[in-house]
Amino acid sequence: VALSAMGSEKSKKILIDLTGTKNSPELRVMSATQLVGLDANEAAKIGTDLMRTVPAETDVTDLFKAFFATKTATEALSGAINTRKIPENFAKAGRQLMGRNIPWTRRRADDVVQLEKALEASGGTLPVEKMPQQLNDREITALAKTVVETADPALGEKVFRKSELLCQTCHAIGGAGGRIGPDLSSLGTSSPVETIIRSVLYPTLSIKEGYELQRIVKKDGSEMMAYLVSNGNTEVVVRDVAGQEISIAKNQILTIEKTPGSLMPASLTAGLDKKEFVDLIGFLSKMGGQYRVPTSRFVRRWNTAMESKELTRKVAEEGGLFVAKDKGKVINMPIYSKVSGSLPLDELPVVEGGAGKRFSFVRFNLEVVNKGNVELALNSVAGVSVWVDAKPMKMSPTGISGELAKGIHSFTIAIDRNAFKENSISVQVLDDQNGAAQLRLMMDM
């Protein structure tokens with residue numbers, strides 16, 4: 001360490017000499033590690049040569065970590081590996097060390113991505129590790145430590161949004177999403193990482209108040225599993241597995257009783273690899289903190305038109321108006337904004353519109369409580385067309401502006417995928433305008 005701290009050409013020469021073949025593999029690697037801080041390019045050349053000549057069991061952890069420390073060093077290592085590949089066992093070790101030692105804020109940086117590619121070209125692809133669902137206390141504690149140290153919450157949000165996981169079908173964020181499970185907006189502020197892991201792996205162990213499962217047997221012999229919303233004098237209101245509230249007259253009920261369990265299925269994350277699981281927990285643990293729902297009001301609950309041959313034909317003939325005046329012929333799918341309020345375009349179906357045109361269609365509902373001017377800000381208006389209740393809406397340079405009558409209004413947005421250059425779309429309600437209408441975003445459609 002003292003030699004590298006000196007920073008002189010003399011100390012650099014000494015370190016280079018120490019990496020020679022007359023010394024032990026451990027000393028050679030240690031010297032190359034110290035050299036990184038003095039001359040990253042020279043260290044990368046020597047370090048990769050070492051990996052090609054030292055025994056396969058040699059520990060190169062500190063050498064890799066030295067290259068991870070700065071962008072310059074990371075780029076130097078990528079370049080050296082691209083020039084000449086390193087052995088597969090060291091490439092795999094490097095990839096595993098990247099996951100444990102590079103903070104999530106750097107994971108998408110160009111230098112890090114290039115190093116990943118270089119290591120993978122040398123055979124450093126990580127094996128898919130499907131996530132074990134049965135963990136003991138010691139394993140959960142160790143996993144929680146891994147989450148804290150290595151999780152990438154941004155990637156975790158993408159995992160959360162995977163349709164096959166059903167997270168958004170059951171849970172809401174910012175009021176938008178399923179109502180079968182609790183809203184997760186502030187989960188990270190109330191639950192430690194270990195608790196979140198246990199809740200995901202063992203959903204029946206700890207049931208939040210208000211989400212105790214009820215078994216309701218009716219006098220006609222039918223029964224259902226649901227959550228109790230209210231228990232009045234003449235009726236009970238329950239929320240079923242689809243998230244719908246149902247009123248049942250008490251004179252129709254034979255028995256109603258709490259039953260152990262949760263509507264959240266066990267082993268829901270079994271199909272994830274460990275990295276995905278770690279990132280998912282990392283995201284959930286940041287909810288309410290780093291990932292806080294903005295106080296600004298964004299559209300969060302949308303429907304998107306699913307691509308079909310019929311829709312392609314109609315859009316080619318009539319344009320987006322066909323979707324706007326939908327009379328039950330358009331297949332829609334619910335979709336929800338990210339925590340930030342934006343809706344990723346890569347999650348939206350693309351409908352061919354003829355002559356090389358490509359569109360995505362989204363819809364949302366807005367309730368005007370009292371008549372007035374409606375101002376909605378879009379992150380971009382390029383290639384965007386809007387209809388309100390199937391009537392074209394005039395666009396302002398920053399979004400949508402116009403007077404609307406009291407009532408619930410349906411907004412349809414056509415996004416020209418060739419003209420809209422942003423990665424996501426967002427619609428924000430502007431409340432502080434003169435003469436602004438009082439608005440309520442509809443979370444149900």
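None of the figures in this text is laboratory data; all of them are computed from the coordinates on show. The structure displayed is predicted, hence computed values, not measured ones. For neighbour counting, all protein chains shown are included, and Cβ atoms are generated from backbone atoms with ideal geometry for every residue, glycine included.
Ranking request for peptides 72-80, 223-231, 355-363: highest mean number of other beta-carbon atoms within 10 Å first, then the rest in descending order.
Ranking, from highest mean packing down: 72-80, 355-363, 223-231.
Run the reach check for K406 against lysines, Cα to Cα strictly under 17 Å, same-chain hits fewer than 8 apart removed. What comes back?
Straight-line reach from K406, under 17 Å: K371, K391.
If you filter the stretch 13-87 for trypsin sites (Lys or Arg not before Pro), then keep DSSP loop positions with at most 12 other Cβ within 10 Å, what is left?
K22, R84
Can you tell me the mean projection area, over all orientations, of the convex hull of the stretch 297-441's alpha carbons? Units nm², please.
8.1 nm²
By the gyration tensor of its Cα atoms, with a ≥ b ≥ c the square roots of the eigenvalues, what is the shape of the stretch 213-258: rounded for a/c under 1.5, prolate for a/b over b/c, or oblate?
oblate
Can you list the aspartates and glutamates whose alpha carbon sits under 13 Å from that of K158, skipping same-chain ones fewer than 8 residues off?
Excluding near neighbours in sequence, the set is E276, D279, D346, E347.
Where does helix 25-35 land angle-wise versus the long Cα axis of the chain, in degrees 0 to 90, nearest 10?
70 degrees
Show which lysines lie in cross-link reach of K219 when reach means a straight Cα distance below 20 angstrom and same-chain residues fewer than eight apart are skipped.
K250, K258
Across the stretch 218-224, in residue order, what do the Karplus-derived ³J(HN,Hα) couplings come to in whole Hz, using 6.51 cos²θ - 1.76 cosθ + 1.60 with θ = phi - 60° and x for Gly and Pro?
Values per residue, Gly and Pro as x: 8, 5, 7, x, 7, 8, 8 Hz.
In the structure displayed, which of K162/K421; K45/K286; K162/K357; K71/K92; K10/K65; K22/K65 lie more than 30 Å apart, Cα to Cα?
K45/K286
Place the peptides 276-283, 194-201 in order of packing, highest mean first, counting for every residue the other Cβ atoms within 10 Å and averaging per peptide.
Descending mean neighbour count gives 276-283, 194-201.
Gaussian network model of the chain, Cα springs within a sub-10 Å range: biggest mean-square fluctuation belongs to which of S401, S340, S247?
S247
Ordered by packing density, taken as the mean number of other Cβ atoms within 10 Å over each peptide's residues, highest first, how do 170-176, 87-93 rank?
170-176, 87-93
Using Cα atoms only, what is the angle between the long axis of helix 71-83 and the major principal axis of the chain, expressed in degrees (0 to 90) to the nearest 10?
So the inclination is approximately 70 degrees.
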